[in-house]
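Read the figures in this text as sums done on the coordinates, not as results from a lab. In this text the structure is predicted, and so the values were computed from the model without any measurement. FYI the Cβ positions are ideal-geometry reconstructions off the backbone, even for glycines, and counts take in every protein chain you see.
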Amino acid sequence: MNFTIGTEPTSSFYSFELAAATHKLLNDIMLLRRGEELVVSIDTAGDWRVAQSLAEQACILGAIPTLIRYGTQPAAQMEPPKPLGLAIQGADVWIDLSVQYILYTEARRKATELGCRHACLAGMDVDAMVRTIGQVDYPKLIALGDEIVRLLNSSNTIQVTCNRGTYLTADLDKNAIQPGGIATERGALIMLGGQVGCLPKEETIEGRIVIDGSIWPPDDIGVLQGEETVTLIIKKGSIVAVEGGSAAKVYRNWLGKFGDSNLYRMAHYVFGFNPGVPRLTGHIAEDERYFGSMTFGFGAMADRIAATHTDCIVLFPSVSLDGIEIQKNGKYMHPSLYDLCKSLGVRGYQT
Ligand SMILES: [Fe+2]
């Protein structure tokens, strides 16, 4: 959270705009309907104003809100307190605002099996809600994501490079999805809009990733400062070396302390494209959607157990699919993507 003018922590800050954003999230994205049960979970590091606003808007929609606030856990992806795990099993919609988010956990798996539609909005504060949901044209954002998914799933190879030295090649596995869509299905998982993810065939992922955006977790790194970069050497889809200065040393030690080889395995490539993210904040839910970025995730994923999950952001990647460049230095160049960015009103895509 970046306090720039001193009013952000107050209850009146963006209060009208927050109401519009939480209403959009519940009504248009999570499809919360009259009589449905909503659970909002939030840890003590989260922004209570957002939880409160969600409850108010749920009442306006005729739904039944329950808010659960609990102590901030030491890490993301830990099982939540037992009462929260039981509460989400009875919910039609669950919105998680906790900074130490609860995603690949047993509690969530059980709730999903029972049909709960889950929005994972880790650490979303008032400012982020307004910028990344309230002020964004969601149908156009989803159209852009659908087109990235279409391109990925109709291609066989992906090459990612960047001016800092990233060079990563892989064979695609036609498994791209847009988790930032609309909760039309029972048990849907909804992430903040502006994200498409895929995992190429693991054994084919080879090269080096030069991270210049942020790394989180661990908390000790976050947004990389100045010109610092961290280089990951990737062989057969796993990190085999971490190179660089002080941040690289912290990351290498942090990865090593778990003693878990699954934590070194690639979990996703993510294209980020939410126009409401103008800068990195240190909040992963936003930073992963920095417009034109790519986030590489390692460790736990839906069908893989690992000690935790960690994300690494390359700010301005160039991406080629089957040898055709669709993105150059963070800017989408494929004609259909360019036009969709233009219609979204993204800076740098105007005629
Ligand atoms: Fe991730």
Subject >> For the range 15-133, alpha-carbon Rg over 2.2 N^0.38 Å >> reply: 0.96
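Compute the Rg/Rh shape ratio of the chain: radius of gyration over Kirkwood radius, all on alpha-carbon atoms.
Using Cα coordinates only, the ratio equals 0.95.
Just how many pairs of Lys in the chain have C-alpha atoms closer than 13 Å, counting pairs that are eight or more places apart or on different chains? Before the final figure, lay out the partial values.
Details: LYS82/LYS110; LYS140/LYS342; LYS174/LYS201; LYS201/LYS235; LYS201/LYS236; LYS249/LYS257; LYS331/LYS342.
Close lysine pairs found across the chain: 7.
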Original post:
In nm², what is the average projected area of the convex hull enclosing the Cα atoms of the range 164-244?
Top reply: 7.1 nm²
Subject >> Alpha-carbon centroids, the range 90-159 and the range 276-351: separation in whole Å >> reply: 15 Å
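At most 15 other Cβ atoms within 10 Å plus a DSSP loop assignment makes a site exposed; report the longest stretch of the chain without any exposed chymotrypsin sites (Phe, Trp or Tyr not before Pro).
Values: sites that count: PHE3, PHE258.
Longest site-free region, per DSSP loop and neighbour criteria: 4-257.
Pop the C-beta distance of ILE305 and ASP171 into the FRET formula with R0 = 25 Å and round what comes out to the nearest 0.05.
Numbers: r = 25 Å, r/R0 = 0.99.
Between ILE305 and ASP171 the formula returns 0.50.
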Subject >> Sequence of HIS309, HIS334 once ranked by neighbouring C-beta atoms within 10 Å, starting from the fewest >> reply: HIS334, HIS309
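Suppose the chain between THR10 and ASP146 were pulled fully straight at 0.36 nm per residue; how much longer would it get relative to their current alpha carbon spacing? Could you put the intermediate results ahead of the total?
Working: separation 136, 0.36 × 136 = 48.96 nm, distance 3.74 nm.
Once the chain is fully extended between THR10 and ASP146, it gains 45.2 nm.
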Original post:
Scattering from the C-alpha atoms of the range 210-330 alone, worked out with Debye: what is log10 I(q)/I(0) at q = 0.10, 0.13, 0.20 1/Å?
Top reply: -0.29, -0.49, -1.16
Original post:
In a GNM of the chain with a 10 Å cut-off on Cα contacts, which of CYS59, CYS312, CYS341 has the highest mean-square fluctuation?
Top reply: CYS59
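With n ≥ 4 as the cut-off for DSSP H runs, can you work out [θ] at 222 nm for the chain, using -39500 (n - 2.57) per run divided by the number of residues, rounded to the nearest 500?
On the way: 9 runs with 84 residues, N = 351.
Rounded to the nearest 500, it is -7000 deg cm²/dmol.
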Original post:
When the Cα atoms of the range 95-198 are enclosed in a convex hull and the volume is divided per residue, what value in Å³ results?
Top reply: 151 Å³
